[in-house]
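Below: the structure, in structure tokens.
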Amino acid sequence: MAGGLGTRLRPLTYATNKHLLPVYDRPMVYYPIQTLIDAGIDDIMVITGGQHAGDFIKVLKNGEEFGLDKLNYGYQEGEGGIADALSMAESFVGGDSCVVILGDNIIADDIRGAVDSFSNDFGCYVFTKQVEDPERFGVVKYDEEGNVIDILEKPAHPPSNDAVVGLYMYDHTVFDKIRRLSPSDRQELEVTDLNRLYLKQGLFKSHKLHGTWIDCGTFDSLAKATQKFYKDNE
Ligand code: G1P
């Protein structure tokens, strides 16, 4: 998912899409695509939008850089949110399950095990990571036994420090569920509301990530991501 206007990263995003900005030696979107490739996923659709959507073709072309011979592209009209963007993939996914990754998320964990176990499962898998600034993200709420009982989008008073990572796995019912969503206060179909539908049906599992996770949506986190790879390469 690589849409949106990238308003939080202006002026960097006036002339290109946020997900094509550099993170050390490559465009940001390379990292989540590589996460999918490393998990054995090679049937990939990039969903973008806005004025700079054409830049993706110039950068990613047919995915040769990742050993692919073809990449699929979807275009989201307007800024309808992550769940709305996912609905662009309905005919691409067909009756299969799918893995969704946000184009500004850098995930160090190897997710192949989770992808493999999800392919024999149903419902929705969500991944969490303990952070110091949960109010920036979707946040899970636990009961006393440690079961997830709710997910809140950017809560002013977070019920835990476990942020929802921009990585989700869904069964084939996801597109029907998206049709049941209503726009949030910011007029978007929220991925958090989609995940809450699965949670209410008891078809939801959450997994904690252990490695580095960076959402590059702010100047500080973008700088941190570049720093991480720069340091790793020293
Ligand atoms: C989105 C989701 C949020 C999630 C985050 C992860 O937020 O709405 O639930 O925690 O991605 O990167 P956004 O970064 O689009 O504001």
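The values are calculated or read from the model by the stated rules, or taken from the named source; none is laboratory data. Computed from a prediction, not measured in an experiment: that's the story for all the values here. Heads up, the Cβs are rebuilt from the backbone with ideal geometry, glycines too, and the neighbour counts pull from every protein chain shown.
Between Leu189, Leu209, which is more than 25 Å from Ser87 (Cα to Cα), aliphatic (A, V, I, L, M) and touching a residue at least 60 places away in the same chain (Cβ under 8 Å)?
One residue alone meets the criteria, Leu209.
Considering each of Ser182, Ser119, Ser160 in turn, give the residue that is without any contact (Cβ under 8 Å) to a residue 40 or more places away in the chain, closer than 18 Å to Ile37 by Cα and not β-branched (Val, Ile, Thr).
Details: Ser182 fails: closer than 18 Å to Ile37 by Cα; Ser160 fails: closer than 18 Å to Ile37 by Cα.
On inspection, the qualifying residue turns out to be Ser119.
For the range 213-234, what are the residues that are in contact (Cβ under 8 Å) with a residue 12 or more places away in the chain and over 15 Å from the mean Cα position of the chain (by Cα)? Walk me through it before giving the result.
In the first step, residues of the range 213-234 are kept if they are in contact (Cβ under 8 Å) with a residue 12 or more places away in the chain; the result is 213-219, 222, 225-226, 228-230, 233.
Listed by number, the residues that qualify are Thr218, Phe219, Leu222, Ala225, Thr226, Lys228, Phe229, Tyr230, Asn233.
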* Lone unmet requirement of (1) away from the ligand (no atom under 16 Å from the Cβ); (2) loosely packed, with under 13 Cβ neighbours inside 10 Å for Ser117 -> (2)
* Give the residues of the range 58-88 that are polar (S, T, N, Q) and in a loop (DSSP other than H, G, I, E, B), sorted by residue number. => Asn62
* Asked: Just one of the numbered conditions (1) in a helix (DSSP H, G or I); (2) among the small types (Gly, Ala, Ser); (3) within 15 Å of the ligand (Cβ to nearest atom); (4) surrounded by fewer than 23 Cβ atoms within 10 Å (Cβ to Cβ) is not true of Ser91; which one?
  -> (3)
* Asked: In the range 122-148, which residues are exposed (fewer than 15 other Cβ atoms within 10 Å of the Cβ), touching a residue at least 24 places away in the same chain (Cβ under 8 Å) and more than 23 Å from Cys216 (Cβ to Cβ)?
  -> Phe122
* **Enumerated helices (runs of 4 or more DSSP H) restricted to the range 135-234, each holding at least 3 residues that are within 13 Å of the ligand (Cβ to nearest atom)** => 191-200, 219-232
* **In the range 117-134, residue modelled with the highest pLDDT [restricted to those that are among the polar types (S, T, N, Q), out of contact with any Lys or Arg (no Cβ under 7 Å at 6 or more places or on another chain) and outside any loop (DSSP other than H, G, I, E, B)]** => Gln130
* Here are some conditions: (1) under 21 Å from Thr212 (Cα atoms); (2) among the hydroxyl-bearing types (Ser, Thr, Tyr); (3) free of Cβ contacts under 8 Å to residues at least 12 places away in the same chain. Thr7 meets all but one. Which one does it not meet? -> (1)
* Among the residues of the range 44-57, is any part of a helix (DSSP H, G or I), within 23 Å of Tyr230 (Cα to Cα), touching a residue at least 24 places away in the same chain (Cβ under 8 Å) and not small (Gly, Ala, Ser)? -> no
* Asked: How about the range 101-154: which of its residues are farther than 27 Å from Ile41 by Cα and of a type in the set (Gly, Ala, Ser)?
  -> Gly146
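Looking at the range 94-108, which of its residues are within 16 Å of the ligand (Cβ to nearest atom) and either at pLDDT 95 or above or crowded, with 21+ Cβ neighbours inside 10 Å (or both)?
Step one: filter the range 94-108 for residues within 16 Å of the ligand (Cβ to nearest atom), giving 99-108.
If the condition is that a residue be within 16 Å of the ligand (Cβ to nearest atom) and either at pLDDT 95 or above or crowded, with 21+ Cβ neighbours inside 10 Å (or both), then Val99, Val100, Ile101, Leu102, Gly103, Asp104, Asn105, Ile106, Ile107 are the ones that fit.
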